[in-house]
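Contents: one structure, followed by commentary.
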Amino acid sequence: MVDSETFIIILKSFDETLEEPHFEKLSYRVSKKIYATLDLLNNIAVLKLTPAEQAEYCAIDETAIYPVKGGWGKMGYTCFELNRLKKEVVISATTSAYCNTAPKKLSIKYQKNQKEPNQKQ
């Protein structure tokens, strides 16, 4: 189970990540592109995944990991109820989101350490 403080530490561990406000949430960006947002009040993150990655993560626990409603969800944006998920799953998904967004020169060092999202809750 992951609290907001731990999630922020995970996000800030990625090279060149910047935290900025995004409406009523916090956004985490690399190269001016958002790869994650965090709703502090509800401890829910949204991560920028590919549709294939989204399907893999949703299969872990579809009540705690699910597509954002509407068109953003169809593009891979995925909600993660952090307080219901293992830290390893959150780290893996966050790494995917970062690597999907960051320039190759930044993401390459994280890609080789990436694990498959196969951990049932």
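Each reported figure results from applying straightforward, stated rules to the coordinates on display, with no laboratory input. The structure presented is a predicted model; accordingly, all values stated were derived computationally and were not measured. Cβ atoms come from the backbone with ideal geometry, glycine included; neighbour counts cover every protein chain shown.
Tabulated data
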| quantity | calculated |
| --- | --- |
| Over the chain, relative contact order from alpha-carbon pairs under 8 Å, at least 6 apart, % | 26 percent |
| Under 13 Å, Cβ to Cβ, from Thr78 - net charge with Lys/Arg +1 and Asp/Glu -1 | -2 |
| Axial C-alpha extent at least 18 Å, average Kyte-Doolittle at least -0.5 - helices from the chain (DSSP) | 87-101 |
| Unit Cα scatterers, Debye sum, the stretch 4-111: log10 I(q)/I(0) for q = 0.10, 0.12 Å⁻¹ | -0.23, -0.34 |
| Over 21 Å (Cα to Cα) - which of Lys69/Lys104; Lys48/Lys86; Lys12/Lys33; Lys33/Lys109 fall in this group | Lys69/Lys104 |
| Two-site label geometry, Arg84 and Lys32: point separation in nm, points 7 Å out along Cα→Cβ | 3.7 nm |
| Choice from Asn42, Asn100, Asn83 with maximal GNM fluctuation in the chain (Cα, 10 Å cutoff) | Asn42 |
